[in-house]
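The values are calculated or read from the model by the stated rules, or taken from the named source; none is laboratory data. Keep in mind that what you see is a predicted model, and the values were worked out from it rather than measured. Methodologically, a virtual Cβ is constructed for each residue, glycine included, from the backbone with ideal geometry; neighbour enumeration extends over all protein chains shown. When the accessible area is computed, the model is the full protein with side chains, heavy atoms only, and any ligands, DNA or RNA have been set aside. Shrake-Rupley method; radii C 1.70, N 1.55, O 1.52, S 1.80 Å.
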Amino acid sequence: MTTTATAHDTHHAPSPTGGGLRRLLLGPGLLRGAWMFVLFGGIGFGIVVLIRWGAGWDPLLATEPLVLVSALVAAPVGFLAGIGAFDYWTYYALGYPTRAEDHSGHGAQSWRDYFRVNTDHKVIGVQYLVTTIFFFLAGGMLALLVRAELAKPGTQYFDQQTFNGLFSVHASLMIFLFIIPAFAGLANFVVPLMLGAADMAFPRLNALSFWLLPIAGIMMLSSFFMPGGAFACGWTGYATLCSQHQPIGAIFFNQGVQWAGASSIMTALNFLVTIITMRAPGMTFWRLPLLVWANFTTSLLVVIATPFIAGSQFFSMFDHVMHTSFFNPVGGGYPLGYQHIFWFYSHPAVYIMMLPGFGIMSEVIAVFSRKPIFGYRLMALSLMAIVVLGFSVWAHHMFVSGMSSWLRVPMMITTLLIAVPTGIKIFSWLATIWEGKLHLRTPMLFALGFLSMFVIGGLSGVMLGAVPIDIHVSQTYFIVAHIHYVLFGGSVFTIFAGIYYWFPKMTGRMYDERLGKLHFWLTFVGFNLTFFPMHILGTDGMPRRVADYLPKYADLNMFISLASFGLGISVIVFLYNMITSWRFGEIAPANPWRAMTLEWQVTSPPPIFNFDEIPQVVGSPYEYGVPGAQHAVLAPSKAREMEEVPV
Amino acid sequence: MRRGSVVALLGLALIAGGVATAVAIWPTWLPVAASREAGRIHFVIWFVVVICIAIFALVAAVMVYSVLRFRVQDDDFEDGPSVHGHTGLEITWTAIPFVLVTAIAIVSAIVLSRNDAQAENTLRVDVVAQQFEFTFSYPDAKNVTSPVLRLPEGRSVELYMRALDVIHSVFVPQFSQKEDIVPGLVTQLHITPDRVGTFPLECTELCGLGHSLMRSQAIVMKPAAFDAWLRQQEKSAAPAPATTTTSTTSTSTTSTSTTPSSSSAAGLSVFNSNGCSSCHTLSAANATGTVGPDLDKLVSYAKKAKQPLTPFVHDSIVDPNKYIEPGFPKGVMPETFGQSLTKTQLDALVAFLVQSAQKSGNK
């Protein structure tokens, strides 16, 4: 530990001592989080009441500003302070002696350490993944409720407002609490290891980024318990429906997005600084594994684009709570302005949800084909091309929105052009597979499943990019089919591939291969049966986001609903495999896949500071089949010896 | 690449392409085209679908072939050939997609400009959308209004659309044309119907509680039948606001001296033309909506609100959030009726509702 464990100065305060109860209540942790949550909520409540009383506004206890300030802003800040996310910074800022960095908050010895503010990127990665899978299950349950209602025309189980809430919360959870942060979790675990670094550049910021997520997710889910029901204007939250014509649940969406967005921005900054400054000696940009390239480009997108959705949600919420007129035409506002700002984030967000998956694909496909990635540099450059083009296509979501009609053709051209770098990636993966030695383990199955599904999603994307076709199919079930082929067949398949691929590294145990393959086939078949028929419903004219539909669409909807329950069952196989393998699985070797990237050159799970000595990078990470090729030289150590053990 | 693998690849590509083509041809996934615009858009769809099938077949063939041919067992520790790239191939698969998408863009742009071009003698129809109803009116024919969109076959039609509350959208699948209706803007949509028939017209932009029920119809008629319908509507629309062209004094006299039966007819027509029935149940109007409170029970609602019936009904229309019947969400009913209805219309509507509520209350 010569490079990472440093001597500590004497200006640190001694660790707090004292009685058990006192320590339990005052020391950082969930209990202090609970009472500070209540305390801060009360303070927020008091401030609002005081201002309203002082100004003589009636009614004194206005629900919306009270809920916003007290429950959605102040109380979560109290929770974060309570669990200790700000402790170090607070001591430092107030001039108190900071506590010794004894690394007690780093790494996990028992399961309890996963419920604390932890600065170890590997612990945070697992925290991210477990949390996001929880919200994946919640969002999936909501989707099944939606399908239950849609099995027959007419309304069966839910009234219209509840139904609109179901699909709105489903989409918001899947996007903001599952796909985006699940990628952040995988990258959190893997990127520092791949770079040859001991941790992320800003470990405390990393911990804070994670703890913002449960707040955002619980906020969105709890909107179901509000009077008037959950937010019900779709995950896009268009003005003026969301900003003026919704019950109080709408601001739970507006504010939930802020917490999730802040988490995203902080993580992205952390990745950028880590990737730029903490590469091991010899790790040039052209030697970076493509997963690192993918997260580098994704982070650029997040940092540039996410402030726009934050702005759009603030404006919408101000219209709702404070009766401003950002989007209210009666006060001079412009409803389409919301859509322009929203999609200026949310189109790049599609790539935020896609590029990290591309990175995972490049790792998995190269390793399980035992061949170098075909056209490495073009693969990296096409990622950059997608970043640049990604900012010039947002209005293709608005071809029928009533925006200036001249904007349609230029936006169509940029949209269609983005198919070119995406095509390069698909063809390069195919060329990587060609003449390889394919090992069809579970991660590779999900990778191949991704390739075939993403081609369909990409092609329906080209159809949507052509304005005349978009005019016919936008706002219909064709859109629902397209987005699920891209985000489920695309992103979610890559997340599954990544989870199976790095499961041995994260847990130190192997997953069950047979259950993994069963999970893949159930998912692949269930997915296609559920979502392919939606293309047909859409072109035939069935609008999306409806609880009721014309009787002529009844048969296909019943079929889709039945298939979706099959898809739901596949998730049970996944959960069972993960839980039992984590607990009882076979002990994993350091490098079960014979991969070259750095994370596989250390033990499974890796030591607390990753590398006994910072490795020296000497070559490309994908030199499979090149005799004697090496990616990096590691100091001879226990980890190195373990690697020699035949698998 | 060996000759055998080329043949096998081609075979697989043909199978994949054949399956995809069967999927594209066998189910009827496109509605019948009922406008010239739809005909052109269907052409673009098929143009792109053919390209998509070709690319899908290629990718599927390479993938299936690789899985069948290059698969090895877990105990095979050999590596594949160390091929790092091939400049020629990489240029090819950058250039070909570029050419294809350029072709798609050109075809699309041409179709788009032709679809938006208005012919001479274009019929103007004004559309007003609100939660959860459309109203169509014909400015060339003394603003005849209709809850369904009636159009003459073969004539270029331009819709001028306004929304009163939130964003709505007009979509008739058979016309293939769609545009949002945005509060504060007037958006336009061009249609040239070329097939007689009745087609569903739907709101496709989530507009709140009753969104999935916000439906109407588009009826395309022979031009002669359309003109006859328009003339007949002009006549029958006349009595209610008087003979329009003559004098305004006659308007006020007719409305003040209405007999009970004619006021209830006027109230019923206001009820029907403002979309009340999409949310409310009212037996006198054969309305069965369930989004908002049941208007047959107005008597008991008024009792709960501790208000006399007539002012209660009036206030509930003009200021719907003043009293909310338990079990129904606040802020759903549009607050715009106080402005959009004339005083005469409002009074007729209130009188009609009070009358029918008392009738059903006495049952």
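Given the conditions (1) open to solvent by less than 70 Å² (accessible area, probe 1.4 Å); (2) touching a residue at least 24 places away in the same chain (Cβ under 8 Å); (3) of a type in the set (V, I, T), report the number of the one that A:T63 does not fulfil. It is condition (1) that A:T63 fails. Residues in region B:1-20 that are open to solvent by 40 Å² or more (accessible area, probe 1.4 Å) and within 11 Å of chain A (Cβ to nearest Cβ) were compared, and the one that is farthest from the chain's Cα centre (by Cα) is B:R2. Beta carbons closer than 7 Å, at least 6 apart along the sequence or on distinct chains, pair a first residue in region A:218-233 that is in contact (Cβ under 8 Å) with a residue 60 or more places away in the chain with a second that is charged (D, E, K, R) for A:G228/B:K330. Candidates are the residues of region A:319-330 that are outside any loop (DSSP other than H, G, I, E, B) and open to solvent by less than 50 Å² (accessible area, probe 1.4 Å); the one that is farthest from A:M403 (Cα to Cα) is A:V321.
When B:P173, B:P200 are screened for being surrounded by fewer than 22 Cβ atoms within 10 Å (Cβ to Cβ), more than 26 Å from A:G332 (Cβ to Cβ) and facing another protein chain (nearest Cβ under 7 Å), only B:P200 passes.
Yes/no per residue for (1) on the phi > 0 side of the Ramachandran plot; (2) modelled with pLDDT under 95; (3) in contact with a helix residue (DSSP H, G or I) (Cβ under 7 Å, 6 or more places away or on another chain):
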site	(1), (2), (3)
A:S223	no, yes, yes
A:P227	no, yes, no
A:A230	no, yes, yes
A:L269	no, no, yes
A:I276	no, no, no
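Taken over region A:590-618, the residue count meeting the criterion of being over 25 Å from the mean Cα position of the chain (by Cα) and of a type in the set (D, E) is 2. Which ones in region B:34-43 are under 22 Å from the mean Cα position of the chain (by Cα) and outside any strand (DSSP E or B)? Within region B:34-43, B:A34, B:R36, B:E37, B:A38, B:G39, B:R40, B:I41, B:H42 qualify.
Scanning region A:37-48 for residues that are open to solvent by less than 30 Å² (accessible area, probe 1.4 Å) and aliphatic (A, V, I, L, M) yields one hit, A:V48. For region B:298-315, filtered to residues that are surrounded by 15 or more Cβ atoms within 10 Å (Cβ to Cβ) and free of Cβ contacts under 8 Å to residues at least 12 places away in the same chain, the residue that is farthest from the chain's Cα centre (by Cα) is B:A302.
When B:P239 is tested against (1) facing chain A (nearest Cβ under 9 Å); (2) at negative phi; (3) modelled with pLDDT under 90, only condition (1) is not met.
Of the numbered criteria (1) in a helix (DSSP H, G or I); (2) open to solvent by 10 Å² or more (accessible area, probe 1.4 Å), the one A:Y511 fails is (1). Within region A:323-340, restricting attention to residues that are in contact (Cβ under 8 Å) with a residue 60 or more places away in the chain and hydrophobic (A, V, I, L, M, F, W, C), the residue that is nearest to the other protein chains (Cβ to nearest Cβ) is A:L336.
In the set B:L206, B:L185, B:L164, B:L213, only one residue is in contact with a helix residue (DSSP H, G or I) (Cβ under 6 Å, 6 or more places away or on another chain), at pLDDT below 95 and within 14 Å of chain A (Cβ to nearest Cβ); that residue is B:L213.
Here is a yes/no grid of residues against (1) open to solvent by 10 Å² or more (accessible area, probe 1.4 Å); (2) under 13 Å from A:G261 (Cα atoms); (3) part of a helix (DSSP H, G or I):
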position	(1), (2), (3)
A:F167	yes, no, yes
A:P181	no, yes, yes
A:L186	no, no, yes
A:N206	no, no, yes
A:S222	yes, no, yes
A:P227	yes, no, no
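For region B:107-119, state whether one or more residues are more than 8 Å from chain A (Cβ to nearest Cβ) and within 30 Å of A:A366 (Cβ to Cβ). No, the conditions are met nowhere in region B:107-119. Evaluate the following for A:P247: is it outside any helix (DSSP H, G or I) and either within 29 Å of A:A230 (Cβ to Cβ) or of a type in the set (S, T, Y) (or both)? Taking the combined requirement at face value, the residue satisfies it.
Evaluate region A:389-398: report whether one residue or more is more than 9 Å from chain B (Cβ to nearest Cβ), outside any helix (DSSP H, G or I) and not β-branched (V, I, T).
Of the residues in region A:389-398, the ones more than 9 Å from chain B (Cβ to nearest Cβ) are A:389-397.
So of that shortlist, the ones also outside any helix (DSSP H, G or I) come out as A:391-393.
Checking the rest, the ones that are also not β-branched (V, I, T) come to A:391-392.
Scanning region A:389-398 turns up at least one residue that is more than 9 Å from chain B (Cβ to nearest Cβ), outside any helix (DSSP H, G or I) and not β-branched (V, I, T).
Candidates are the residues of region A:537-552 that are buried (at least 19 other Cβ atoms within 10 Å of the Cβ) and part of a helix (DSSP H, G or I); the one that is nearest to the other protein chains (Cβ to nearest Cβ) is A:T539.
Filter region B:32-86 for residues that are among the polar types (S, T, N, Q) and within 9 Å of chain A (Cβ to nearest Cβ); which is surrounded by the most Cβ atoms within 10 Å (Cβ to Cβ)?
Looking only at region B:32-86, we keep the residues that are among the polar types (S, T, N, Q), and these are B:35, B:66, B:73, B:82.
Checking which are within 9 Å of chain A (Cβ to nearest Cβ) leaves us with B:66, B:73, B:82.
On the way: B:S66: 20, B:Q73: 8, B:S82: 15.
Going through the qualifying residues, I end up with B:S66.
Working only within region A:236-259, note down all residues that are within 15 Å of the chain's Cα centre (by Cα) and open to solvent by 10 Å² or more (accessible area, probe 1.4 Å). If you could, list the steps in order and put the result at the bottom.
Initially, region A:236-259 is screened for residues within 15 Å of the chain's Cα centre (by Cα), giving A:256-259.
Scanning region A:236-259 gives A:Q258, A:W259.
Elements of the type helices (runs of 4 or more DSSP H) sitting completely within region A:415-507 and holding at least 1 residues that are free of Cβ contacts under 8 Å to residues at least 40 places away in the same chain, surrounded by 21 or more Cβ atoms within 10 Å (Cβ to Cβ) and facing chain B (nearest Cβ under 7 Å): these cover A:419-433, A:442-465, A:467-473. In region B:21-31, of all residues being surrounded by fewer than 19 Cβ atoms within 10 Å (Cβ to Cβ) and touching a residue at least 24 places away in the same chain (Cβ under 8 Å), the one that is farthest from the other protein chains (Cβ to nearest Cβ) corresponds to B:T21.
Which of the residues that make up region B:132-145 are open to solvent by less than 10 Å² (accessible area, probe 1.4 Å) and in contact with a strand residue (DSSP E or B) (Cβ under 9 Å, 6 or more places away or on another chain)?
To start, the set of residues in region B:132-145 that are open to solvent by less than 10 Å² (accessible area, probe 1.4 Å) comprises B:132, B:134, B:136, B:138, B:141, B:144.
B:F132, B:F134, B:F136, B:Y138, B:V144, listed by residue number.
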